[in-house]
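All remarks here apply to the structure that follows.
The values are calculated or read from the model by the stated rules, or taken from the named source; none is laboratory data. What you are looking at is a predicted structure, and each value in this text was computed from that prediction instead of being measured. Virtual Cβ from ideal backbone geometry, glycine too; neighbours counted across all protein chains shown. These accessible areas exclude ligands, DNA and RNA; they are computed on the full protein's heavy atoms, side chains included. Shrake-Rupley method; radii C 1.70, N 1.55, O 1.52, S 1.80 Å.
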Amino acid sequence: MPPLPPRSFPDANTLHPVVLPDGTHHKGTVFLNTAIDHPRMTVGDYSYASAHVSPTDWASHLAPYLYTQSPEILTIGKFCQIADGVTFITSSANHRYDGFSSFPFAVFLDMELSRPSMPDAGPDTTIGNDVWIGQGATILPGASIGHGCIIGAKSVVAGTIPPYTIVAGNPAKPLRSRFDTATIAALLKIAWWHWLIDAVVSHEAAISGADLDALKEAASTHI
């Protein structure tokens, strides 16, 4: 089989951006901003999800409790990488549990938000840019995951995770920071994920190879 010709980076609106050696598109990987049309879910450009069995509804696959009438919002930044089996448990999954029973009577009646058994609106869930979420991880309601974080496989994540932190476990705990404080501050200032895609790809070596000086130069002269 002759080699495939060089190709440009896929457009942000491409549904299946991975091209296999035989020239076909991998149906189990999608750019989520194209695959998802949900009023309570926002996904930045080039963030992708993969699944061994491609779902027909990526929104409900990833966030099964985020309904069109839900009060909360799930926000995912740009260039995020979401592995198979990741689940976002958003606030609408919660029960009211400050009383004598947590039983959701309203679910079996008229589901009015004003019913006594319905909980108050819960917090939004926010995922920053360039976040890698490993296989089977669960993100709990109200989690706020900073830019550049790595979430270990099977982790259960709650609360606020500072940028460029590696977390793992159940409950997920910080293992270490990916970089020193000064480097993290520089990366947050550079914010390469907001560059035009051609600029990002042209500086792939600096981004993937942790060449901070080259990124600083790119940010000051080319971007």
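Quote the charge dipole size of the chain about the Cα centre in Debye, to the nearest 20; the model charges only the Cβ of Lys and Arg (+1) and of Asp and Glu (-1). Write down the numbers at each step before the final one.
Values: 12 positive and 19 negative charges, 89 e Å.
Its charge dipole is roughly 420 debye.
Helix 181-190 against the longest principal axis of the chain: what's the angle in degrees, Cα atoms only, rounded to the nearest 10?
80
Radius of gyration and Dmax for the chain's Cα atoms, expressed in Å?
19.7, 69
On a 0 to 90 degree scale, rounded to 10, what angle separates helix 212-221 from the longest Cα axis of the chain?
The angle comes out at about 80 degrees.
Compute, for E217, the solvent-accessible surface of its heavy atoms (probe 1.4 Å) with the complete set of protein chains present, and express it in square angstrom to the nearest 10.
Result for E217: roughly 110 Å² accessible.
Modelled label-to-label distance, A83 and A121, 7 Å Cα→beta-carbon offset: nm?
My value for the distance between the label points is 3.5 nm.
Excluding same-chain residues fewer than 8 positions from K173, which lysines have a Cα within less than 28 Å of its Cα?
K173 reaches K78, K154, K189.
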